[in-house]
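A short worksheet on the structure shown next.
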Amino acid sequence: MSQRDDDLQREIRRHLELEAAERQADGVAPDAARRDALRAFGSVTRIREDAREVWIAAWLQHLVQDLRYAARLARRNPGFTVGAVMMLAIGISASSTIFGALNAVVLAPLPFDRPAQLVRLTQTNVARNIDAFSVSLPLYRDWKRLNTTFAGMAARRDGTVTVQGVGDPFQASAQYVTPDLLPMLGVRTLVGRDFRPEDDVVGAAEVVVLTSSFWRAAFGSDATAVGRALTIDGKPHRILGVVSDDILVTGDAQVLLPVTPHTEDRRGYSDLDVYARLKPGVSIARATSEMVGIEGQLEREYPDGPGGWSVRVESLSDAIIGPTTPRMLYLLLAAVGALLLVACTNLSGLLLVRAHARTREIAIRTAIGGGRGRIVRQLLTESLLLAAIGGVCGIALSYAGVSVLRTMAMSDVPRAEHIRVDGWVLVFALFVSALAGVLAGLAPARQATTLDVQRGIKEGAASMMRGGSRTRNALIVAQLAVSIALLASAGLAARALTRLSTMDLGFTSGHVVTMQVAPRTDPVEFVSTLLDRLRDRPDVAAVAATSGAPMSFGNTSLHVFPVGPAAIPPTQSVQSDWRVVSEGYFSAMETPLIAGRDFTPRDDGRAPKVIVVNQTLARQIWGNANPIGQQVDLGGGGGKPATVIGLVRDVRAHNPAQPPSAGYYMSAYRGIYGPMTLVVRTRSDVDSLLPVIRAEVRALDPTLPVYRVRTMDDMVSAQLAPQRLVAALLAGFALMALLLAVVGIYGAMAYATGQRTREVALRLALGATRWDVIRPLLREGGVLVLAGVVLGSLIAVPLTRMMRALLADVSPNDPLAFAGAIAVLASTALLACYLPARRASRVNAVQALRGE
């Protein structure tokens, strides 16, 4: 015992002696005086404990004692401990994994100098329902010249090029950038230099900058590669330098080229992404106001173009991440939060049951001087210790979870490569673990504060049954409610994914393989000859070429003005997607030709300009009139109009979740500009056909590679990947929550029926049947299940509404999804109620009553 404890004990003893002496002076007998003094003073043990509360050393000593006792209790009940730790580890691991993704993708700042000043500029047109549109090279120059709110402005666009001189010819990803883009964003030059203004002019020497990944793969990180020549698209380019890879800037590009020599310099050709850095103190709102004014000024200077355009200025972070990804991650975080809540309520129920079994122990500890605060602290220490162990296991599981999630999301979520377990994730996991420990320990701690000590010592667990059962039932209802909300959300996601997977896209994706080729010399003759050779093969059912296959990255669109009678005025246009296609394209894609005819080789540059339109474009320009023979002005340039020769069915060209947009097709025989995609409908295995196609391409031009070989089924599937990711994660979280809830209700019902063994035995002894015993127990469980279903349905409504913006064709009140969730949960939960009731009904009445 410490000196401080000795002093406290002497002080208490001296106080009692003085109090007894005063009572003796008043005529009370010595023994009676000592008893009265002790009664007036109160519990010596409690007073000593209260005094020690102000001692830091004593507080730490008590904490160590509580931890030791909790550890002994955990070792004495290994099954309970392992189950509790596993439940918490699952919830903490899932929540930490999703938080790691949210932190890396949404919350963490971009890895640039002063990232808050970086913005992206796009064109918008509300009347045409265009949310974001690229910028032409002349418009970019005007923006850069007229603005006063930006410290710098730069532009870029993506592309592909054919590279020779480092092994076999191959197709490389390219980015065309203005000279000020890389310095503005802070991309480092590892070797040599990047572009200068004199490199970005028409007629300048052909130059190229390599990304570090391509430099390592092609040149083995040889610094002497700078200054060498690299053949790109048949022309030698001098290598200026090597820049560091940056997924936010260079993306998957292998080579960088200057913009101006490789971009059409006309206002009607918009293909640039524009970025800028705000001047210090300038807000996005102020920059937007100025850019909207500049756009209006330019519309007045160039009145021939279509009007109604505005400018959007958004932070670079928002532009990279997009609006959908944060909503998806916050939805998943809410889902794992719900899963963790189920785990906490489950553990709380188990701790409550254990606290009931320890009623006599708690009552005795209270009676001999252990204050209620100390009892509560002990119970919370026990739950916090379990939570700490669960947190450690959860963090260990998070490393595997983060790795799996990063792999799943790599191609669908921006910045997914940065998802990892870092310091913030560890802090979050520790916070969640502490919160889980407190939440799990609140119910048993609260129950201990209402314990009647005398009844607790006399009756044991029976003294806490009534109040404890109410708390336990509330926890069961909470578990079931949260579980049904998760099940309903997962059901909605699965329903949406099923609808998208079976949706009529306007084409048939099965047995279709696509691949790209970029002919440079006489591309029309090259493509025509290649298609003729492939059509003669017996394993090819149909083959054609297009400038852009459905479900592929990128899009091209143009203003289409009516010429002649139409449902809209001649000054009004329709923003329309366009594709260049060869003869037989609609047959190869199995897109029905509703009226008119397909293209033929005679629709070349010497013939009148003709197009094929889809149903949406025809309806928007001519209403219900027959579009065949009608004419349109493509781009509003006032040139020769194009005549409609065919009408085809609408196609969901961009994403199964997006409705068809207005579109038209032009003849490939009039001209081909850039890479073309071969669309081959096969009668045989793709792997056996691909070498034949490569051989045919080499026979026509040995320098041309065949690249981006993908089946159309894979391309459709890739567009559904985000929805599939959300559905898979929600389904996993929902199943884990269901399992925990069922385990929780089973344990609670088993304990409740165990406490009623005497009642059941008496009823059986008096002639009740087993069903007479099971029915009331099952009814009690059914009431809890019904309450959980009703409450869960109310909770599910806001959670499912969050999914409307993430999953297409989702109704937050989908009756089938809710009915399925209710059926799954109710059936499993009632089974968990039935099993303990059935076991109770088989009790031997004589033995049970004899034991009582």
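The values are calculated or read from the model by the stated rules, or taken from the named source; none is laboratory data. Since the structure is predicted, the reported quantities are computational estimates derived from the model, not experimental observations. Positions of Cβ are backbone-derived with ideal geometry, glycine not excepted, and every protein chain shown enters the neighbour counts. Remember, those area values only see protein heavy atoms, side chains included, never the ligands or the DNA or RNA. Shrake-Rupley method; radii C 1.70, N 1.55, O 1.52, S 1.80 Å.
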Provide the net charge surrounding V438, with neighbours chosen by a C-beta distance below 14 Å and charges set as Lys +1, Arg +1, Asp -1, Glu -1. +1
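Counting only Cα atoms, I'd like the Rg/Rh figure for the stretch 482-613, Kirkwood definition for Rh. Intermediate values should be presented prior to the final figure.
Values: Rg = 20.3 Å, Rh = 18.6 Å.
The Rg/Rh ratio comes out at 1.09.
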Can you sort I395, I745 by solvent-accessible area, 1.4 Å probe, largest first? I395, I745
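Which peptide among 106-116, 819-829 comes first, and what is the full order, when sorted by highest mean count of other Cβ atoms within 10 Å? The partial results should precede the final answer.
Numbers: 106-116: 14.5, 819-829: 18.7.
Per-residue Cβ counts within 10 Å, averaged per peptide and sorted highest first, yield 819-829, 106-116.
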Roughly what would the spin-label model give for A400 and D168, points 7 Å off Cα along C-beta, in nm? 4.0
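List the DSSP H helices in the chain whose Cα atoms stretch 24 Å or more along the helix axis and whose mean Kyte-Doolittle hydropathy is at least -1.0.
Details: long enough: 3-25 (33 Å, -1.71); 56-76 (30 Å, -0.05); 78-102 (35 Å, 1.56); 284-301 (25 Å, -0.35); 324-357 (50 Å, 1.39); 372-409 (51 Å, 1.01); 423-449 (38 Å, 1.51); 465-501 (52 Å, 0.72); 721-755 (51 Å, 1.44); 770-801 (46 Å, 1.01); 815-841 (37 Å, 1.22).
Span-like helices, by this rule, are 56-76, 78-102, 284-301, 324-357, 372-409, 423-449, 465-501, 721-755, 770-801, 815-841.
Quick one: ranking T224, T231, T682 by accessible area, 1.4 Å probe, largest first, what do you get?
The ranking, largest first, comes out as T224, T231, T682.
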For G584, residues with placed amide H under 5 Å, excluding near neighbours: F599
Point-charge dipole on Cβ atoms (K/R +1, D/E -1) for the stretch 517-580, about Cα centre, debye to 20: 80
Once phi is turned into θ = phi - 60°, what whole-Hz ³J(HN,Hα) does the Karplus curve with 6.51, -1.76 and 1.60 give for every residue of the stretch 601-612, x standing for Gly and Pro? x, 6, 7, 9, x, 8, 8, x, 6, 10, 9, 10
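At 1.4 Å probe size, with the rest of the protein present, what percent of the exposed accessible area of the stretch 149-259 is carbon and sulfur atoms?
On the way: 2090 of 4250 Å².
Answer for the stretch 149-259: carbon and sulfur cover 49 percent of the accessible area.
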In nanometres, what is the gap between the two model label sites at T529 and R499, each 7 Å from Cα along Cα-to-Cβ? 5.1
Arranged from highest to lowest average of other beta-carbon atoms within 10 Å per residue, in what order do the peptides 641-654, 618-631 appear? 641-654, 618-631
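For H262, H511, give the ranking by accessible area with the largest first, probe 1.4 Å. Don't skip to the end; give the middle numbers.
Details: H262 60, H511 135 Å².
So, going from the largest accessible area down, we get H511, H262.
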Which cross-chain or sequence-distant (5 or more) residues have an amide H under 5 Å from the amide H of A542, H modelled 1.01 Å from N in plane? R681
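Can you figure out the FRET efficiency of V783 with L835, using R₀ = 30 Å and their beta-carbon distance, to the nearest 0.05?
Details: r = 18 Å, r/R0 = 0.58.
Efficiency computed from Cβ-Cβ geometry: 0.95.
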Carbon/sulfur accessible area of the stretch 262-342, % of total, 1.4 Å probe, equals 54
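Let me spell out the model: positive unit charges on the Cβ of Lys and Arg, negative unit charges on the Cβ of Asp and Glu, origin at the Cα centre of the chain. What dipole size does that give, in debye rounded to 20?
Numbers: 89 positive and 74 negative charges, 746 e Å.
Taking the Cα centre of the chain as origin, the dipole is about 3580 debye.
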Extreme residue, positive dipole direction of the stretch 82-156, given options L139, L88, F99 (C-beta unit charges): L139
Whole-number percent relative contact order across the chain, with pairs defined as alpha carbons under 8 Å at least 6 apart: 15
With just the Cα atoms defining each centre, how far is the stretch 474-496 from the stretch 637-716? Give it in Å. 44
What is the stretch 636-715 by shape, rounded, prolate or oblate, if you read a ≥ b ≥ c off the alpha carbon gyration tensor as root eigenvalues and call it rounded for a/c under 1.5, prolate for a/b larger than b/c, and oblate otherwise? oblate
Which percent of the accessible area of the stretch 461-605 is formed by carbon and sulfur heavy atoms (probe 1.4 angstrom)? 56
Can you give me the solvent accessible area of Y302 with a 1.4 Å probe, rounded to the nearest 10 Å²? 100
Probe 1.4 Å, all chains present, heavy atoms only: E780 accessible area in Å², nearest 10, is 80
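Mean separation of Cα pairs under 8 Å and 6+ residues apart, divided by the residue count of the stretch 103-177: what relative contact order is that in percent? Walk me through the numbers on the way to the answer.
On the way: 52 pairs, mean separation 12.3, N = 75.
Averaging sequence separation for qualifying contacts and normalising by length gives 16 percent for the stretch 103-177.
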Using Cα centres only, tell me the gap between the stretch 580-613 and the stretch 196-245 in whole Å. 40
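Of the peptides 543-555, 335-347, 28-40, how do they stack up when ordered by the mean number of other Cβ atoms within 10 Å, highest first? Don't jump to the answer; show the numbers that get you there.
Numbers: 543-555: 20.6, 335-347: 26.1, 28-40: 13.6.
Result, highest mean first: 335-347, 543-555, 28-40.
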Along the Cα-to-C-beta direction of D713, a point sits 7 Å from the Cα; which residues of the stretch 485-527 have their amide N less than 16 Å from that point? 501-503, 508-514
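Please work out the average accessible area per residue across the chain, using the 1.4 Å probe convention, and give it in Å². Can you show the working numbers first?
Working: 38320 Å² over 852 residues.
Heavy-atom accessible area per residue stands at 45 Å².
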